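A.B. asks: Below is the structure I would like to discuss, written out as structure tokens.
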Amino acid sequence: DDDEDTKDEL
Amino acid sequence: MNLFRLMGDVSHVLAVFILLAKIWRTRSAAGISGRSQILFTIVYLARYMDLFFSFISLYNTVMKLLFISASCATVYLIYFKFRATYDGNHDTFRIEFVLVPSLLLAFIFHYSMSFFELAWSFSIFLEAVAILPQLFMVTKTGEAENITSHYLFALGSYRALYILNWIYRYYTEGHFDPIAVCAGIVQTILYCDFFYLYVTKVLQGRKLQVLP
């Protein structure tokens, strides 16, 4: 989940 | 997604299009550092490899594809289509001085020791310093055209707005990404000098000139 958060940014 | 993040992305897209439009409409790449544009292309290619194996949102995918294609198009225009106008003599910043340290930093600071995570870290560090050849070129020629200044302002604002987004996310979600935040702060600091000149000169209708 935390990983997803990070990769959501460009 | 919060307002700062959205404004940051809008600013980023704006920067990319200002540059492409400037080169296309003036049929000239004068004053633009091809080396910075190559570095940005490397940044996007390294960071957005996750396009192949993870889907986050349509917005995310479209933006990633947009940044990759726009940066490739910019490099093509500078080095091929309008090559005759490219000011290579003034674009002399040694890119290995930013590529090698970014790679080393990625091996030291990363979230896991996988190829994609290393590439992601590398791209974050490289992005922070990718504008150096362009800033070096402006210093060397002593001036920048107004459209180039607008491009630099939009591009610098993007990461500054991301910092506000990270502060907001830290307080609302407890989200904190130390690699992106540290690199983002360095990236924004590099533009500070330029921001000052932009506000004191370009916005008052004068051309940006760097004092010798």
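Read the figures in this text as sums done on the coordinates, not as results from a lab. Note that the structure is predicted; figures quoted are calculated from it, not measured. Using ideal geometry, Cβ is built from the backbone for each residue, glycine included, and neighbour counts are taken over all protein chains shown.
A.B. asks: Could you check how many residues of the range B:10-48 are surrounded by fewer than 20 Cβ atoms within 10 Å (Cβ to Cβ), within 11 Å of another protein chain (Cβ to nearest Cβ) and touching a residue at least 60 places away in the same chain (Cβ under 8 Å)?
C.D. replies: 0
A.B. asks: So, of the residues in the range B:154-197 that are among the acidic types (Asp, Glu) and exposed (fewer than 14 other Cβ atoms within 10 Å of the Cβ), which turns out to be farthest from the chain's Cα centre (by Cα)?
C.D. replies: Checking each candidate, the answer is B:Glu173.
A.B. asks: If you scan the range B:119-145, which residues turn out to be within 24 Å of B:Gly156 (Cβ to Cβ) and within 14 Å of another protein chain (Cβ to nearest Cβ)? If you could, list the steps in order and put the result at the bottom.
C.D. replies: Of all residues in the range B:119-145, those within 24 Å of B:Gly156 (Cβ to Cβ) come to B:120-145.
If the condition is that a residue be within 24 Å of B:Gly156 (Cβ to Cβ) and within 14 Å of another protein chain (Cβ to nearest Cβ), then B:Trp120, B:Ser121, B:Ser123, B:Ile124, B:Glu127 are the ones that fit.
A.B. asks: Another question, then. Which one is surrounded by the fewest Cβ atoms within 10 Å (Cβ to Cβ) among residues in the range B:62-82 that are more than 14 Å from chain A (Cβ to nearest Cβ) and in contact with a Leu (Cβ under 9 Å, 6 or more places away or on another chain)?
C.D. replies: B:Cys72
A.B. asks: Using the structure shown, decide if B:Tyr59 is within 14 Å of chain A (Cβ to nearest Cβ), surrounded by fewer than 18 Cβ atoms within 10 Å (Cβ to Cβ) and over 15 Å from the mean Cα position of the chain (by Cα).
C.D. replies: yes
A.B. asks: When you scan the range B:17-76, how many residues do you find that are among the basic types (Lys, Arg) and assigned to a loop (DSSP other than H, G, I, E, B)?
C.D. replies: 1
A.B. asks: Output the number of residues of the range B:4-39 satisfying the condition of being among the aromatic types (Phe, Trp, Tyr) and closer than 30 Å to B:Thr172 by Cβ.
C.D. replies: Matching residues across the range B:4-39 total 1.
A.B. asks: Among the candidates B:Phe153, B:Phe93, B:Phe116, which residue alone is within 12 Å of another protein chain (Cβ to nearest Cβ) and among the aromatic types (Phe, Trp, Tyr)?
C.D. replies: Working: B:Phe153 fails: within 12 Å of another protein chain (Cβ to nearest Cβ); B:Phe93 fails: within 12 Å of another protein chain (Cβ to nearest Cβ).
The match here is B:Phe116.
A.B. asks: Going by the conditions given, is B:Tyr168 part of a helix (DSSP H, G or I), farther than 20 Å from B:Val129 by Cα and touching a residue at least 60 places away in the same chain (Cβ under 8 Å)?
C.D. replies: The answer is yes for B:Tyr168.
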